[in-house]
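Trainee: Before I ask anything, let me first share the structure, which is written out below as structure tokens.
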Ligand code: GTP
């Protein structure tokens, strides 16, 4: 880890989407549990943990909330997951109405979260019978500026890639925000930007200016 990075121990994620799209199965596959063909609808919410390695080599814990897709559990689930930094919105590629619902889920996220990173999973891509095409879902995701993954919890396709994407994006965003508003102990902004090394570069720049000044004076 570089000295410039802000420590982050845990990333909190939640899965949202209609009932039976495969949220619980996605988490089970990600945790290396056996895939279950039976459908046991989640009641309320559930929480799991997994340690992963980020692109920068740093180990981090993911805390993952599984929520119930059924509407009657929605308000409770939303309260529980209010501290989520990232949300995986899931729909079922074999059920058009679950794709149509994605807009509603995005509205719910908009209304309940200030800063949250989102990825979209089109699940059950192992199934031949499809009601949503790759092109359509990709175009929708691009319009919304959300990364999109076609996943299969059953065949373990793109599950790890999708979780890795959202975790890395959250980590990067967290570092940018924190560095942009790093304050000193008197409450003054110490570093305004994480870009280009921020304060360290400014110090170096000052030193170099002084050196040039003194060289000019000597001449
Ligand atoms: P709620 O708890 O009601 O919100 O449902 P959920 O979104 O958690 O769905 P769940 O994971 O329980 O899966 C519903 C059904 O879809 C189960 O019968 C799963 O076996 C099946 N399923 C889940 N993922 C896949 C997949 O990738 N491919 C296929 N073919 N079936 C899947």
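The values are calculated or read from the model by the stated rules, or taken from the named source; none is laboratory data. Only a predicted model underlies this, so the values are computations on that prediction, with no experimental measurement involved. Cβ sites come from the backbone with ideal geometry, for glycine too, and all protein chains shown count toward neighbours.
Trainee: Could you please find all residues in the range 141-169 being away from the ligand (no atom under 16 Å from the Cβ) and over 16 Å from residue 16 (Cβ atoms)?
Mentor: Within the range 141-169, 142, 143, 145, 164, 165, 167, 168, 169 qualify.
Trainee: Can you report the number of residues in the range 85-108 which are farther than 15 Å from residue 149 by Cα, within 16 Å of the ligand (Cβ to nearest atom) and in contact (Cβ under 8 Å) with a residue 60 or more places away in the chain?
Mentor: Selection size over the range 85-108: 6.
Trainee: Considering only the range 124-135, I want to know if a residue exists there that is touching a strand residue (DSSP E or B) at 6+ places or on another chain (Cβ under 7 Å), modelled with pLDDT under 95 and not in a helix (DSSP H, G or I).
Mentor: No.
Trainee: Let me spell it out: the conditions are (1) part of a loop (DSSP other than H, G, I, E, B); (2) within 13 Å of the ligand (Cβ to nearest atom); (3) out of contact with any helix residue (DSSP H, G or I) (no Cβ under 8 Å at 6 or more places or on another chain), and residue 73 meets all of them except one. Which number is the exception?
Mentor: (1)
The rows are residues; the columns are (1) modelled with pLDDT under 95; (2) in contact with a strand residue (DSSP E or B) (Cβ under 8 Å, 6 or more places away or on another chain).
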{"residue": "1", "(1), (2)": "yes, no"}
{"residue": "7", "(1), (2)": "yes, no"}
{"residue": "29", "(1), (2)": "no, no"}
{"residue": "37", "(1), (2)": "yes, no"}
{"residue": "62", "(1), (2)": "no, yes"}
{"residue": "68", "(1), (2)": "yes, yes"}
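Trainee: Checking residue 187 against (1) modelled with pLDDT under 95; (2) touching a helix residue (DSSP H, G or I) at 6+ places or on another chain (Cβ under 9 Å); (3) at positive phi: exactly one of these is not met. Which one?
Mentor: Only one criterion in (1) modelled with pLDDT under 95; (2) touching a helix residue (DSSP H, G or I) at 6+ places or on another chain (Cβ under 9 Å); (3) at positive phi is unmet by residue 187, namely (2).
Trainee: I'd like the full set of residues that are in a strand (DSSP E or B) and more than 12 Å from the ligand (Cβ to nearest atom), limited to the range 15-63.
Mentor: Answer for the range 15-63, where residues must be in a strand (DSSP E or B) and more than 12 Å from the ligand (Cβ to nearest atom): 47, 48, 49, 50, 51, 52, 53, 59, 60, 61, 62, 63.
Trainee: Could you grab me the full set of residues in the range 109-121 that are more than 10 Å from the ligand (Cβ to nearest atom) and under 17 Å from the mean Cα position of the chain (by Cα)?
Mentor: Once the filter is applied, which keeps residues that are more than 10 Å from the ligand (Cβ to nearest atom) and under 17 Å from the mean Cα position of the chain (by Cα), the range 109-121 yields 109, 110, 112, 113, 114, 115, 116, 117, 118, 119, 120.
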